[in-house]
Amino acid sequence: LPTTPLPPKPSTTALFPKLGPARIGVAAIDASGRVREKTLLRALGWRAGEALDLRIADQTAALWPAPYGSIHVDSRDQFALPRGCRTLLGIEAGDRVLLAASTEINVLLVYSAPVVVEWIRQHLADHFEVLHV
């Protein structure tokens, strides 16, 4: 039987047009769960005293401004991830996390290193023919 090529995957921009371009950063988590990434916080317009809300879903923490949020940006442009959040995401003191910010929707996403490594493994598995020598 003749093969029919699969249609191309839709781009993430087409699926989620409001996200806009992502800005990324990497930060280390200190013993108190503090995260500091000035560049992303400034790009989002988050300043000292900004209250943030937090939601966790599928190995991702999402933060965004909320008038009654329980997390606050401090005077050193950092915020602390609560212990429960760090436990659910498998993050310990000294670990590095990937931060992805969307200035279009004013949200910051936090991913643990094992999640990012799994994405890379999946990407390599999907493109094995390129790496096969």
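Counting other Cβ atoms within 10 Å, keep those with at most 15, restrict to DSSP loop, and tell me which chymotrypsin sites (Phe, Trp or Tyr not before Pro) in segment 30-133 are left. Walk me through the intermediate numbers first.
Details: sites: W46, Y68, F79, Y111, W119, F128; in loops: W46, Y68.
When the chymotrypsin sites (Phe, Trp or Tyr not before Pro) of segment 30-133 are filtered for loop state and at most 15 Cβ neighbours within 10 Å, Y68 remain.
Which value, to two decimals, describes the C-alpha radius of gyration of segment 27-133 once divided by 2.2 N^0.38 Å?
Working: Rg = 15.4 Å, N = 107, 2.2 N^0.38 = 13.0 Å.
Against the compact-globule rule of thumb, the ratio is 1.19.
In this structure the amide hydrogen of L54, modeled in the peptide plane, comes within under 5 Å of the amide hydrogens of S70, none closer than 5 places in sequence on its chain.
Our analysis of segment 29-89 gives Rg over Rh at 0.94, with the two radii drawn from alpha carbon positions and Rh computed by the Kirkwood formula. Computed over the alpha carbons of segment 53-115, Rg followed by Dmax gives 11.5, 32 Å.
The numbers here are math on the coordinates, done by the rules we state, and not lab data. Note that the structure is predicted; figures quoted are calculated from it, not measured. Here the Cβ is made from the backbone with ideal geometry for all residues, glycine too, and neighbour counts use every protein chain on show.
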